[in-house]
Every structure is written in C-alpha cells, then in structure tokens.
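Read the structure below first, then the notes.
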Amino acid sequence: MDINIHSTFLPHDDPDASVAFYRDVLGFEVRGDVGQGAMRWITVGPAGRPETSIVLEPPYADPSVTDEERATVVQMMGKGTFARVLLATDDLDGTFEKVQSGTAEIVQEPTEQPYGVRDFAVRDPAGNLIRVQERR
C-alpha cells in the first residue's frame, strides 16, 4: 500500500499575516486562496513539492461548532496549544536564522533533543506550534 499525506489543516485568525509567515519566512508557495476577509482558506506548501500542502483555515467556519467551542479554540490558539506541525530541513541553522530574522515568536532555539533529533520551535501568527527538525 502506498499512502502519503496530501494536506493537513491549521487554523489561522489573520490570513495576511499567515500568508506572510508561510510564504516570506518559510519559503512556501501559495497554491490557493479562497474566500474573503477573515473567512479565507489558504493552501501553502513547499516549492517543488505539490503533493504536500497545509491548508490554513478559519477556526470558526464549521457551523456545527458552538460559540463556547469556538471560544475554547481561539483561547487554545492564543496559548499555542491547539495545533502543531513538524517540518524538516537539511539546513536547520540556516532555516533558524531566516525564521529568527522575522517577527515570529521563537519558542526554542536549535536544540539536540534527547529523543534523537535536532530541532527548533516557533509559533506562526495564529499561535500554532511549528517544530522544524533537521533531516538526518
């Protein structure tokens, strides 16, 4: 069986800030931008790798979600505990320098983890935790 990850979803609360982070800081290409205002679904992904994408979505778009649930999601986003994604790079230090030179909140500088990877952590504009690991 050959199964790949095609897309994953992360919430956003500021579409323009999210596009700037994923495009300008991480170097992803913008593949789609549907909707208007805060109700935009933006698809981004690594250049030259169309098979893998992240869809940035409004966290409150699902009509079945209650106001209380929406408030909880927004609160968790603000703390950086709602969503996260792991990325990989061949140049961890260079990637960290680029990310650090922007306005992103650095959570952890490059560190050799006890579980055998070297990585750093940053929050995107919506508070999502992004860990970038060095490929070995």
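The values are calculated or read from the model by the stated rules, or taken from the named source; none is laboratory data. These numbers come from a predicted model, not from an experiment. As a convention, Cβ positions derive from the backbone with ideal geometry for all residues, glycine included, and neighbour counts pool all protein chains shown.
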For region 74-86, check the following and say yes or no: at least one residue is of a type in the set (V, I, T) and touching a strand residue (DSSP E or B) at 6+ places or on another chain (Cβ under 7 Å).
yes
Quick one: V99 ticks every box in (1) over 19 Å from V132 (Cα atoms); (2) surrounded by 12 or more Cβ atoms within 10 Å (Cβ to Cβ) bar one, so which box is it?
(1)
Is it the case that region 70-84 has a residue that's at pLDDT below 95, of a type in the set (G, A, S) and more than 19 Å from L129 (Cβ to Cβ)?
yes
Identity of the residue in region 51-69, surrounded by 11 or more Cβ atoms within 10 Å (Cβ to Cβ) and of a type in the set (S, T, Y), that ends up modelled with the lowest pLDDT
Y60
Looking at (1) out of contact with any helix residue (DSSP H, G or I) (no Cβ under 8 Å at 6 or more places or on another chain); (2) at pLDDT below 95, which is the one condition that is false for Y22?
(2)
Single unsatisfied condition, T111 versus (1) surrounded by fewer than 15 Cβ atoms within 10 Å (Cβ to Cβ); (2) within 27 Å of N4 (Cβ to Cβ)
(2)
Within the set of pairs 6+ apart or on separate chains, which have a first residue in region 53-75 that is under 16 Å from H12 (Cβ atoms), a second that is part of a strand (DSSP E or B) and at pLDDT below 90, and C-beta atoms under 8 Å apart?
P58/M39; A61/M39
With respect to D119, determine if the residue is more than 19 Å from S53 (Cα to Cα) and surrounded by fewer than 16 Cβ atoms within 10 Å (Cβ to Cβ).
no
